[in-house]
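Asks: Can you keep this structure in mind? I'll have questions shortly.
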Amino acid sequence: MPAACESVLEDIEDIVSAEDLKPHDRQFVRRNVLPKVRKRNSQKNAQTDDEPPSDSIIPGVQKIWIRTWGCSHNNSDGEYMAGQLAAYGYKITDNSDEADLWLLNSCTVKNPAEDHFRNSIKKAQEGKKKVVLAGCVPQAQPRQEYLKGLSIIGVQQIDRVVEVVEETIKGHSVRLLGQKKDNGKRLGGARLDLPKIRKNPLIEIISINTGCLNACTYCKTKHARGDLASYPIEELVDRAKQSFQEGVCEIWLTSEDTGAYGRDIGTDLPTLLWKLVEVIPEGAMLRLGMTNPPYILEHLEEMAKILNHPRVYAFLHIPVQSASDSVLMDMKREYCVADFKQVVDFLKEKVPGITIATDIICGFPGETDEDFQETMKLVELYRFPSLFINQFYPRPGTPAAKMPQVPAAVKKQRTKDLSQLFHSYNPYDHKVGERQRVLVTEESFDSTYYVAHNPFYEQVLVPKDPLLMGKMVEVNIYEAGKHFMKGQPVSDARVHTASISRPLAKGEISGLTEEFRRSAQNGTKWKAQPNAEIPVQTRLSSWMALQLPWQQEGGGLKILSVSLALLAVFVMFYCGGMKTEL
């Protein structure tokens, strides 16, 4: 590979320098060039005139495999990147072997997730695949040795994924890691109305803000997502409306801390939620994401009212991490155990049956046996039906990584002890025989059942009847396990069709506006779909377009410089049937 292709470009415009010849200058260089008519080989006549040379690289026709690790926010980013690439003509494939490029969207929360990410990079390189990296790992530490020479798309730059993929396919290494700003103020991220491909056409994941207000000593995500930046309420409501118009029946609100929403823009989470419930159609549901205790305390009364709303799941994810105040202080969690208990006790009283999920870290630096026993007592007291148990991993660059560590064997044993306690009780046994209303949205991992959720976001497995998918039905609970119940639909019950429109097909692009179609077509008529075969002329027109519709605001897109575009046109039309000699 030429040395120029190995260098890292900080932005697309770096491909062409100020010293390079301009298209006008190239005309004068050709004064002494004598063109001759090229004798065509009859065997080559099979190739039609509108096809490019076999060795040319046409962006927008390759196959791309996307792998995402981590949270709902990361999954939403992955869906947006897939949608933009598919809208531009790339084929999104589930087969990594047939892909020309791997887009790896990473998670930096724990060491194992980053290990999987690193191993995937190595596997892609061994398979001679082009690679683009995304997510929190390269955003937080872009100069790590194993990322050297690879293209990176930052967490706030996902609206420019087409540019990065195109240049990577052509052999360049591009890194876009900047922040979205408006008049110097940091924004929540890329626009919410970008094209996307939902992993599940019935579920829309909406990121309401990015970053947080905390500085937890163990957290690496803060290095990637930064401080709190919230989306305006009207943009979030518009996104929800669009989702319902595309057949979505369940919305997940996500962020690094939903409870902190709006503090940077003069509003708050309850205000947003009341606006959202106004647009939720009958039979559809909203699920609220994770919130830390400090930012929900002052809104408890309003939050209880919202969580009692019939179209909002009575579910809240509130990480406690430890039941020891001294450990929480070392974590810089900005609350004490009493604050967490106050939130849980109040919501349990005001929202009967509410599901409280929580997280616990085992073996944080400085955690004593007494500290850990306090955590065990907390779990025994509340018997959380959903508990995420994490063995502590020191993340590079975090304050906790520099603290005296708990021995690995002790961390492992505490994780095992807490897991055994969690599995010692069955939270759903008392619900056998109940009649419940459930919303069916997914298929089980073993493809044996459909997965539904009752008003408390508890998992209910129902028969795999296609007529039930996307519907809200009543079921009789006849069996309960540790993480689920099984229900049989009631024959005489009313079935609610939640969506106000037919759901998109799996893999179909959401938010593909007529504006984009006109721009991408550039005078031709084709409908961009993930697997659509697009005429070569259309691909070339799209390739040379200087702006995509969702990037027209806030600065021009610089996929190709004007000089390169003009040169491409000149070569195709002037030299197409000619042979040039100097």
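Asks: Could you grab me the full set of residues in segment 473-513 that are among the hydrophobic types (A, V, I, L, M, F, W, C), more than 14 Å from residue 431 (Cα to Cα) and without any contact (Cβ under 8 Å) to a residue 60 or more places away in the chain?
Replies: Matches in segment 473-513: 473, 490, 493, 495.
Asks: Of all residues in segment 267-290, count the ones that are under 15 Å from residue 206 (Cβ atoms) and either part of a loop (DSSP other than H, G, I, E, B) or among the polar types (S, T, N, Q) (or both). Walk me through it before giving the result.
Replies: Let us first name the residues in segment 267-290 that are under 15 Å from residue 206 (Cβ atoms), namely 269, 272-273, 275-277, 279-280, 284-290.
Next, from what is left, pick out any that are either part of a loop (DSSP other than H, G, I, E, B) or among the polar types (S, T, N, Q) (or both): 279-280, 284, 289-290.
Qualifying residue count, segment 267-290: 5.
Asks: If you don't mind, there's one more thing I want to ask. Select, from 501, 491, the only residue that is in a loop (DSSP other than H, G, I, E, B), loosely packed, with under 14 Cβ neighbours inside 10 Å and either in the same structural domain as residue 114 (by the TED database) or in contact with a helix residue (DSSP H, G or I) (Cβ under 6 Å, 6 or more places away or on another chain) (or both). Let's see the steps before the verdict.
Replies: On the way: 491 fails: either in the same structural domain as residue 114 (by the TED database) or in contact with a helix residue (DSSP H, G or I) (Cβ under 6 Å, 6 or more places away or on another chain) (or both).
Of 501, 491, the one residue that is in a loop (DSSP other than H, G, I, E, B), loosely packed, with under 14 Cβ neighbours inside 10 Å and either in the same structural domain as residue 114 (by the TED database) or in contact with a helix residue (DSSP H, G or I) (Cβ under 6 Å, 6 or more places away or on another chain) (or both) is 501.
Asks: Out of all the residues in segment 298-308, is one or more in contact (Cβ under 8 Å) with a residue 60 or more places away in the chain and either crowded, with 21+ Cβ neighbours inside 10 Å or not acidic (Asp, Glu) (or both)?
Replies: There is no residue in segment 298-308 that is in contact (Cβ under 8 Å) with a residue 60 or more places away in the chain and either crowded, with 21+ Cβ neighbours inside 10 Å or not acidic (Asp, Glu) (or both).
Asks: Would you pick out the residues in segment 463-483 that are touching a helix residue (DSSP H, G or I) at 6+ places or on another chain (Cβ under 6 Å) and β-branched (Val, Ile, Thr)?
Replies: Of everything in segment 463-483, just one residue is touching a helix residue (DSSP H, G or I) at 6+ places or on another chain (Cβ under 6 Å) and β-branched (Val, Ile, Thr), namely 477.
Asks: Take the residues of segment 83-103 that are closer than 25 Å to residue 146 by Cβ and crowded, with 24+ Cβ neighbours inside 10 Å: which is nearest to the chain's Cα centre (by Cα)?
Replies: The residue in question is 103.
Asks: Scan segment 105-120 and give yes if some residue there is in a strand (DSSP E or B) and open to solvent by less than 10 Å² (accessible area, probe 1.4 Å), otherwise no.
Replies: Checked against the condition, which is being in a strand (DSSP E or B) and open to solvent by less than 10 Å² (accessible area, probe 1.4 Å), segment 105-120 yields at least one hit.
Asks: Just to be sure I understand, how many residues within segment 314-330 are open to solvent by less than 20 Å² (accessible area, probe 1.4 Å) and either part of a strand (DSSP E or B) or free of Cβ contacts under 8 Å to residues at least 40 places away in the same chain (or both)?
Replies: 3
Asks: Here's another thing I want to ask about it. Please work out which residue is farthest from the chain's Cα centre (by Cα), limiting yourself to segment 291-313 and to residues that are closer than 27 Å to residue 374 by Cα and part of a loop (DSSP other than H, G, I, E, B).
Replies: Among those that are closer than 27 Å to residue 374 by Cα and part of a loop (DSSP other than H, G, I, E, B), it is 296.
Asks: Quick one: residue 208 ticks every box in (1) touching a residue at least 60 places away in the same chain (Cβ under 8 Å); (2) open to solvent by 10 Å² or more (accessible area, probe 1.4 Å) bar one, so which box is it?
Replies: (2)
Asks: Of all residues in segment 368-393 being more than 22 Å from residue 427 (Cα to Cα) and touching a Lys or Arg at 6+ places or on another chain (Cβ under 8 Å), which is surrounded by the most Cβ atoms within 10 Å (Cβ to Cβ)?
Replies: Looking at the filtered set, the residue picked out is 372.
Asks: If we scan segment 153-166, do we find a residue that is more than 30 Å from residue 469 (Cβ to Cβ), open to solvent by less than 20 Å² (accessible area, probe 1.4 Å) and in the same structural domain as residue 230 (by the TED database)?
Replies: no
Asks: Identify, from the list 248, 174, the residue that is of a type in the set (Val, Ile, Thr) and out of contact with any Ser or Thr (no Cβ under 6 Å at 6 or more places or on another chain).
Replies: One residue alone meets the criteria, 248.
Asks: Still on this structure: For segment 431-461, what are the residues that are without any contact (Cβ under 8 Å) to a residue 12 or more places away in the chain and open to solvent by 70 Å² or more (accessible area, probe 1.4 Å)?
Replies: Hits for segment 431-461 are 445, 446.
Asks: Could you tell me how many of the residues in segment 339-387 are among the acidic types (Asp, Glu), over 16 Å from residue 325 (Cβ atoms) and touching a residue at least 12 places away in the same chain (Cβ under 8 Å)?
Replies: Qualifying residue count for the region: 2.
Asks: Quick check on segment 178-186. Is at least one of its residues farther than 30 Å from residue 330 by Cβ, part of a helix (DSSP H, G or I) and over 16 Å from the mean Cα position of the chain (by Cα)?
Replies: There is no residue in segment 178-186 that is farther than 30 Å from residue 330 by Cβ, part of a helix (DSSP H, G or I) and over 16 Å from the mean Cα position of the chain (by Cα).
The values are calculated or read from the model by the stated rules, or taken from the named source; none is laboratory data. Here the structure is a predicted model, which is why all the values come from computation and not from measurement. Note that we place each Cβ from the backbone using ideal geometry, even for glycine, and neighbour counts take in every protein chain shown. Ligands, DNA and RNA are stripped out before the accessible areas are found, and what is left, the full protein with its side chains, is counted by its heavy atoms. Shrake-Rupley method; radii C 1.70, N 1.55, O 1.52, S 1.80 Å.
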